[in-house]
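Chemist: Before I ask anything, let me first share the structure, which is written out below as structure tokens.
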Amino acid sequence: MADTKFLKMLEDECDSELCKLGFTRLRRGGVVWEFDSNFLGWIGLNTGNHGNTVRLNPFVGIHVVDIMKLSAAFSNKKYVKGGTATYAIHLGELVPKIPTFEFEVGADLNPEAKRLALAIYEHGLKYMASLRNYEALGPFLYERMPLHGGYPERYILSLYCAGKIDQADKLASAIVEGESAWSEYSTPSITEFCRAYLEHR
């Protein structure tokens with residue numbers, strides 16, 4: 001397995017190549033595109049450690065500061081700027097035929113890091129930009145609600161941040177009250193979030 005030192009070197013190399021293209025590094029492995037103070041293009045590099053080869057699987061999407069700050073506050077968690085995507089997809093969904101990104105221990109990391117950064121810039125950035133408003137983002141969050149994983153909470157907050165406060169309030173109330181149409185979301189964590197949201201309102 002590739003050791004921690006190699007993985008840190010790999011993150012640094014990829015971060016460096018992304019920053020050369022205009023991305024901003026918030027921390028090691030935390031690189032964003034700053035569209036504005038609220039909408040940040042988000043990158044996630046999932047790591048597959050296979051002995052002497054490390055495979056990186058890039059995810060691209062958006063981190064909405066207002067949504068994620070409120071989500072953290074109502075869930076009693078610490079907010080980390082750019083830490084989690086509000087919504088993201090695998091880069092392979094945008095460019096299915098792109099070769100996988102593989103890095104060999106002991107080999108020059110730069111050519112493959114450069115190829116990865118360029119692929120994200122050329123194919124991912126436009127997609128990130130398409131998500132940088134609440135009207136565009138909302139339907140994608142709604143579609144993922146059945147997955148849970150924070151999506152019901154983010155969808156409610158996307159409505160709230162878009163000024164659709166009545167809709168957000170009604171949905172949060174329906175979940176708290178266990179209405180049959182929304183009963184699958186009446187889990188302890190989502191219900192607790194909805195109660196905190198409604199108290200804030």
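The values are calculated or read from the model by the stated rules, or taken from the named source; none is laboratory data. Just so it is clear, the model here is predicted, and its values are computed rather than measured. Methodologically, a virtual Cβ is constructed for each residue, glycine included, from the backbone with ideal geometry; neighbour enumeration extends over all protein chains shown. All accessible areas refer to the heavy atoms of the entire protein, side chains included, with ligands and DNA or RNA removed. Shrake-Rupley method; radii C 1.70, N 1.55, O 1.52, S 1.80 Å.
Chemist: Of the options Asn133, Met68, Leu56, report the single residue whose Cα projects farthest towards the positive end of the charge dipole of segment 1-139 (beta-carbon charges: Lys, Arg +1; Asp, Glu -1).
Modeler: Met68
Chemist: Here's something else I'd like to know. With 10 Å bins from zero, work out the P(r) of segment 11-119 over every alpha carbon pair and list the percent per bin.
Modeler: 14, 43, 30, 12, 1
Chemist: Please report the spacing between the Cα centers of segment 99-166 and segment 1-72 in Å, no decimals.
Modeler: Each part's Cα centre sits 11 Å from the other's.
Chemist: Enumerate the calculated ³J(HN,Hα) couplings along segment 32-40 in order (Karplus 6.51 cos²θ - 1.76 cosθ + 1.60, θ = phi - 60°), each rounded to whole Hz, writing x wherever the residue is Gly or Pro.
Modeler: The phi angles translate into 9, 10, 8, 5, 7, 6, 9, 10, 10 Hz.
Chemist: Give me the 1.4 Å probe accessible area per residue for the chain, excluding ligands and nucleic acids, in Å².
Modeler: 51 Å²
Chemist: Using +1 on the beta carbon of Lys and Arg, -1 on that of Asp and Glu, and nothing else charged, what's the dipole of the chain about the Cα centre, debye to 20?
Modeler: With only Lys, Arg, Asp and Glu charged at Cβ, the dipole is about 320 debye.
Chemist: With n ≥ 4 as the cut-off for DSSP H runs, can you work out [θ] at 222 nm for the chain, using -39500 (n - 2.57) per run divided by the number of residues, rounded to the nearest 500?
Modeler: Per the formula, -13500 deg cm²/dmol.
Chemist: Cα-based count: Lys pairs in the chain below 19 Å, eight or more positions apart or different chains?
Modeler: Taking the Cα cut-off of 19 Å, the pair count is 11.
Chemist: Another question about this same structure. With an 8 Å cut-off on Cα pairs and a minimum separation of 6 or more residues, tell me the relative contact order of the chain in percent.
Modeler: Once divided by the residue count of the chain, the mean separation gives 18 percent.
Chemist: Then there is this: Tell me the carbon and sulfur percent of the accessible area for the chain, rounded to whole percent, probe radius 1.4 Å.
Modeler: 51 percent
Chemist: Sticking with this one: From the list (1) 8, 33, 32, 15, 6, 3, 1, 0; (2) 8, 26, 26, 15, 11, 8, 4, 1, 0, 0; (3) 9, 33, 29, 19, 9, 1, can you say which value of P(r) over Cα pairs in 10 Å bins from 0, in percent was derived from the structure given?
Modeler: Given (1) 8, 33, 32, 15, 6, 3, 1, 0; (2) 8, 26, 26, 15, 11, 8, 4, 1, 0, 0; (3) 9, 33, 29, 19, 9, 1, the structure-derived one carries the label (3).
Chemist: Please list, by residue number, every one of the trypsin sites (Lys or Arg not before Pro) in segment 83-167 that is coil in DSSP and has at most 11 other beta-carbon atoms within 10 Å.
Modeler: Taking segment 83-167 and a limit of 11 other Cβ atoms within 10 Å, the loop trypsin sites (Lys or Arg not before Pro) found are Lys97.
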